[in-house]
1. Identify all residues within segment 218-252 that are crowded, with 19+ Cβ neighbours inside 10 Å and touching a His at 6+ places or on another chain (Cβ under 9 Å); write none if there are none.
2. Select, from ALA71, ALA34, the only residue that is under 30 Å from ALA250 (Cβ atoms) and among the small types (Gly, Ala, Ser).
3. In the list GLY98, GLY179, GLY191, which residue meets the criterion of being small (Gly, Ala, Ser) and at positive phi?
4. Identify, by number, the condition in (1) under 19 Å from VAL26 (Cβ atoms); (2) in a helix (DSSP H, G or I) that SER147 doesn't meet.
5. Can you list the helices (runs of 4 or more DSSP H) lying wholly within segment 162-255 that have 2 or more residues being out of contact with any Leu (no Cβ under 9 Å at 6 or more places or on another chain) and aliphatic (A, V, I, L, M)?
6. Which numbered condition trips up PHE27, out of (1) surrounded by fewer than 18 Cβ atoms within 10 Å (Cβ to Cβ); (2) at pLDDT 90 or above; (3) under 16 Å from GLU193 (Cα atoms)?
Amino acid sequence: MSRWILSFLGAYVGQAVGTLALFGLVFLITRRWAARALEGRRIITRGSGSDRSQLFHEIGHTLVVFAVGTAQAMAVQTLHENGETKLIEGLGPWGLGGAIGAFVGLILFNDLWFYSVHRLLHSPFLYKHIHSVHHRSIDVNPFSSYSFHLIEAILVTGWVLPAAMFIPFPLPVLMFTQGVGLANNLMAHLGYELLPRWWVDVPILRWSNSATFHSMHHARFKGNYGLFLRVWDRLFGTELDQYEETFARAHPPKA
């Protein structure tokens, strides 16, 4: 038991230090060092997104979420070592093409899961007692990315363990998907739109999420529930109006 606790603490500290250092660097770039150059890219103009009480709130809840993530990763690792998962070492028999297909499938499944849980969390009771923790951040910043209630963190990532146990797909794909999720979550909570103006004009790219898409959710509290994609919000009629116009406003014309 003590060996497991030491392993958990080592993994937890490594994740916390590394991820918070990344968030801190991005925060300093966007909110301090390059704030003037990025001024026209700000999405929400009310609030500072860097109030001390907000930052303490976000970092505190983020540390709790990291504990959930570490425990989940260790559970998957232990089950895999004991032969109790369907995860495949390497790229598996399908090769690179199959791995790419598995990645796309995981992204779509993860996005639909998140969309469903996210809409559920906006029901009055769950919003008041759970999801309001995340929505305390209106003008978001990198530290908002994982500022969740403990129960929300468990619900949002609840698909990972069953998927690992019952669905045969390459282990590297799961790890890569988790890394993409981190990058996407950070992008969604920048508070600045760094994607180019033409992004929403390209047929495939325009279906992806953006910092503007998620910032609108924080500002208006309902709608734009998707994680990676706009697909489910468009399909179920929950996309907020004037998204593309708001995206365009975060791209001021050059002088």
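The values are calculated or read from the model by the stated rules, or taken from the named source; none is laboratory data. Note that the structure is a prediction, hence the values are computed from the model and not measured. Heads up, the Cβs are rebuilt from the backbone with ideal geometry, glycines too, and the neighbour counts pull from every protein chain shown.
1. HIS218, ASN224, TYR225, GLY226, LEU227
2. Matching residue, one of ALA71, ALA34: ALA34.
3. The unique qualifying residue is GLY191.
4. It fails just one condition, (2).
5. Here the list reads 171-188.
6. Status for PHE27: all satisfied but (1).
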